[in-house]
Structure formats: structure tokens, C-alpha cells
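Here is the structure we will look at.
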Amino acid sequence: MIVTTQQLKEQYPNIADVKGKISRDIKKGKLFPLVKGVYETDANAHGSRLAQFIYGPSYLSFDYVLHYHGLIPEAVYNTYTCATFNKKKIKTYTNHFGTFVYRDVPKEVFSLGVFVFDEGNYSYQVASAEKALCDKLYTLSPVKSVKDFKILLFEDLRIDENEFNQLNKGDLLKLAPLYRSTNLNLLVKLIKERK
């Protein structure tokens with residue numbers, strides 16, 4: 001369960017040195033720091049449930065979601081890639097639960113293609129496979145042609161072509177133009193070529 005320093009102060013009203021109590025609980029393995037002032041009480045909590053408490057607003061996307069959906073072969077164990085907006089730089093946090101990487105996508109597309117999951121005490125957001133692909137392509141250096149884009153997609157990123165063919169093309173055609181990105185425009189061209 002996620003708890004904050006403020007919640008812990010309220011939980012221990014009779015303890016004068018709450019910060020000392022928190023430090024002792026961390027050493028005893030009762031609390032696990034996520035970021036300053038935010039802790040997890042369960043050592044076995046899955047990092048995907050914690051990502052948006054570390055830095056936000058954010059949702060799981062990019063390589064983490066692409067691998068989850070079988071689009072890329074590389075496993076991203078204990079690394080959680082997340083999308084944010086208007087942050088202007090990549091942020092990385094490492095703690096007991098893994099490494100959490102946050103990078104921007106355009107504000108206009110931030111809330112599109114994202115689903116909320118509730119599990120126990122946790123509520124977290126995850127991009128659809130289509131959205132994660134668009135997010136990933138947005139972050140890469142632009143290529144110049146559909147031919148180069150196919151190389152980027154299927155050789156450089158190693159996107160599984162069979163899985164790619166299973167994606168919802170309607171969703172991709174709606175999302176991609178909203179990024180105003182060369183790579184996403186080439187994705188639209190590729191999809192239209194294959195119809």
C-alpha cells in the first residue's frame with residue numbers, strides 16, 4: 001500500500017520523531033521509499049502499480065507495453081517506461097521495485113488510448129498497444145521514407161510483423177496524425193499502402 005510522510009505522521013500522533021520512526025521502518029524492511037515522502041509497505045508490490053506514484057501524471061507505455069503485447073522481443077525486467085507531458089526532459093528513478101523512466105509525449109494525445117486498471121489498493125494507467133507504438137515512434141529520430149520507416153520498425157525496433165498486423169489500424173490511423181511527427185505520418189502511409 002502506498003503511504004506518504006503526512007499519512008505516517010497522522011498514523012503516529014504520539015511519536016515525537018516521526019522521521020526517525022520512518023528511517024527505522026525502512027531499515028527493518030517495513031517501508032520502501034519510492035521518492036521523497038512516498039513509500040510502499042509491500043516489498044513484493046509490482047512496479048507497474050507504483051509508476052504513477054513516483055512521477056506524474058504518467059501512464060505505462062513505450063518498451064514496457066510493447067513487450068507486454070509481444071510487439072518487441074526484448075524483455076524489460078524491472079524497468080517501467082512511462083509517458084508524461086510538458087516535463088521537457090527524461091527522468092529516471094531507481095528504487096527497490098526497479099527503474100522507472102519517464103519521457104514526454106504531446107499533451108494533445110496524452111489521455112488518448114490509455115486504460116485505467118484497478119487491482120486491490122492500486123489504480124494505474126496503461127497505454128494500449130497502438131498508443132505505446134505511437135509514443136515510441138514519436139521519441140525516435142525521424143526517417144525520410146516509407147522504405148526507411150519499414151527498416152526502423154521491423155529491423156531497428158524489431159517489431160514483430162505478425163503482431164503489428166494484429167494491431168487495430170483504425171486506432172492507429174486516428175492517433176498517429178495527432179502527434180504531428182514525421183515518423184507517425186510515415187506509419188499512416190505504411191498502413192494505407194498495406195490496405
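Computed quantities for the displayed model
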quantity: Hits in segment 7-38 (condition: aromatic (Phe, Trp, Tyr) and more than 23 Å from residue 100 (Cβ to Cβ)); calculated: 12
quantity: Residue match in segment 28-42 (condition: under 20 Å from residue 135 (Cα atoms), surrounded by fewer than 14 Cβ atoms within 10 Å (Cβ to Cβ), out of contact with any helix residue (DSSP H, G or I) (no Cβ under 8 Å at 6 or more places or on another chain) and among the hydroxyl-bearing types (Ser, Thr, Tyr)); calculated: no
quantity: Those residues of segment 140-185 which are part of a helix (DSSP H, G or I) and farther than 27 Å from residue 85 by Cα, in sequence order; calculated: 146, 147, 148, 150, 151, 154, 155, 161, 162, 163, 165, 166
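Residue-by-condition table, conditions (1) without any contact (Cβ under 8 Å) to a residue 40 or more places away in the chain; (2) of a type in the set (A, V, I, L, M, F, W, C); (3) touching a His at 6+ places or on another chain (Cβ under 6 Å); (4) surrounded by 15 or more Cβ atoms within 10 Å (Cβ to Cβ):
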{"position": "4", "(1), (2), (3), (4)": "yes, no, no, no"}
{"position": "7", "(1), (2), (3), (4)": "yes, no, no, no"}
{"position": "45", "(1), (2), (3), (4)": "no, yes, no, yes"}
{"position": "63", "(1), (2), (3), (4)": "no, no, no, yes"}
{"position": "67", "(1), (2), (3), (4)": "yes, no, no, yes"}
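Residues checked against (1) in contact with a Phe, Trp or Tyr (Cβ under 6 Å, 6 or more places away or on another chain); (2) of a type in the set (D, E, K, R); (3) closer than 25 Å to residue 85 by Cα:
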residue: 10; (1), (2), (3): no, yes, no
residue: 13; (1), (2), (3): no, no, no
residue: 24; (1), (2), (3): no, yes, no
residue: 36; (1), (2), (3): no, yes, yes
residue: 41; (1), (2), (3): no, no, no
residue: 47; (1), (2), (3): yes, no, yes
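Laboratory data are not the source of any read-out in this text; all were calculated from the coordinates shown. Computed from a prediction, not measured in an experiment: that's the story for all the values here. We place every Cβ from the backbone using ideal geometry, glycine too, and count neighbours over all the protein chains shown.
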